Amino acid sequence: MTALNLESLDLATLPLRDVNARLQAAGDGHFRITGPNGAHALAVGLTSPLEVEIMGHTGYYTAGMNQEASLTIHGNAGPGLAENMMSGSVRVTGDASQYAGATGHGGLLVIEGHASSRCGISMKGIDIVVGGNVGHMSAFMAQAGRLVVLGDAGADFGDSLYEARLYVRGDVKSLGADCIEKPLLAEHLDELTRLLDRAGMDADPLTFRRYGSARKLYNFTIDDAGAAK
């Protein structure tokens, strides 16, 4: 995009509803949003290949349900960042609060700082790369996709995990139910290398450990019959 394509939208003077409506109606373009001041539900429901820069901190549910758009938040983001994201990319240069990337089906979410609890909860195909740490219960019931953590992971990491792949470079406080460490094979190193490159993160894939499902929660066993009564 060139500077001539840039359209500025100032939330200090424009209602949030008008800013969102302008973004949702645009077929393409480059937008810069100033004065977010922690606004909730900003840049939600975008379905076109826009480039959107948000110059400051945002509140709840920024970039929710994103499709095709590429968003960069120059600051921190509140809870529910990129919830139910389908495609495109979302980048936060600071930290993200709880349940970032929840139920995401696709696309790439990059958090350059830390993410709070339940990052990637119930993820269904999204790729999430976190430059810092993630809080407790991250990747809870994650079904598909990849979560890459360059820092540490909190307690109950990957609890009730399905088929998502989890990579952590730092320490894991504890693993949740049915989450185990698995071998880091050549295919995983290739996958991790590509993800780190897409996210713009400089880290050696060999320094990560991989976690996945033990697949013991998939099926009912006869030993549980008495408890089901």
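The values are calculated or read from the model by the stated rules, or taken from the named source; none is laboratory data. All values derive from a computational prediction rather than experimental measurement. Here the Cβ positions follow ideal geometry from the backbone for every residue, glycine too, while neighbour counts run over all protein chains shown.
Need pairs with beta-carbon distance below 7 Å; first residue in contact (Cβ under 8 Å) with a residue 40 or more places away in the chain and under 16 Å from ALA77 (Cα atoms) and within region 108-131, second crowded, with 24+ Cβ neighbours inside 10 Å and hydroxyl-bearing (Ser, Thr, Tyr); sequence gap 6+ or separate chains.
That search, which allows pairs on different chains as well, returns GLY120/SER138.
Could you pull out the residue among LYS182, LYS173 that is among the basic types (Lys, Arg) and out of contact with any Asp or Glu (no Cβ under 9 Å at 6 or more places or on another chain)?
Details: LYS173 fails: out of contact with any Asp or Glu (no Cβ under 9 Å at 6 or more places or on another chain).
Answer to the selection: LYS182.
Check every one of the strands (runs of 3 or more DSSP E) wholly within region 1-71 and list those with 3 or more residues that are aliphatic (A, V, I, L, M), at pLDDT 95 or above and under 16 Å from ARG91 (Cα atoms). Step through it out loud before you land on a result.
Details: elements: 6-10, 30-34, 51-55.
By residue number, 51-55.
Cβ-Cβ under 9 Å, sequence separation 6+ or interchain: first residue in region 173-189 and more than 22 Å from MET141 (Cβ to Cβ), partner hydroxyl-bearing (Ser, Thr, Tyr) and surrounded by 17 or more Cβ atoms within 10 Å (Cβ to Cβ). Which pairs?
Short answer, once both residue conditions are applied: LEU184/TYR167.
Starting from region 36-52, keep only residues that are over 16 Å from GLU7 (Cβ atoms) and without any contact (Cβ under 8 Å) to a residue 40 or more places away in the chain, then list their pairs with residues that are of a type in the set (D, E, K, R) and surrounded by fewer than 22 Cβ atoms within 10 Å (Cβ to Cβ) whose Cβ atoms are within a distance under 7 Å, requiring at least 6 positions of separation or different chains.
Pairs found: THR47/GLU68.
Kindly establish whether SER138 is assigned to a loop (DSSP other than H, G, I, E, B) and touching a Phe, Trp or Tyr at 6+ places or on another chain (Cβ under 7 Å). Walk me through it before giving the result.
Details: assigned to a loop (DSSP other than H, G, I, E, B): yes; touching a Phe, Trp or Tyr at 6+ places or on another chain (Cβ under 7 Å): yes.
So SER138 passes the test.
Inspect all residues belonging to region 36-57 and state whether any of them is surrounded by 15 or more Cβ atoms within 10 Å (Cβ to Cβ) and of a type in the set (Ser, Thr, Tyr).
yes
Only residues in region 1-21 that are closer than 17 Å to ALA41 by Cβ count as the first member; pair them with residues that are of a type in the set (Phe, Trp, Tyr) and at pLDDT 95 or above, Cβ under 8 angstrom, at least 6 apart or cross-chain, and list the lot.
These pairs meet every condition: LEU9/PHE31.
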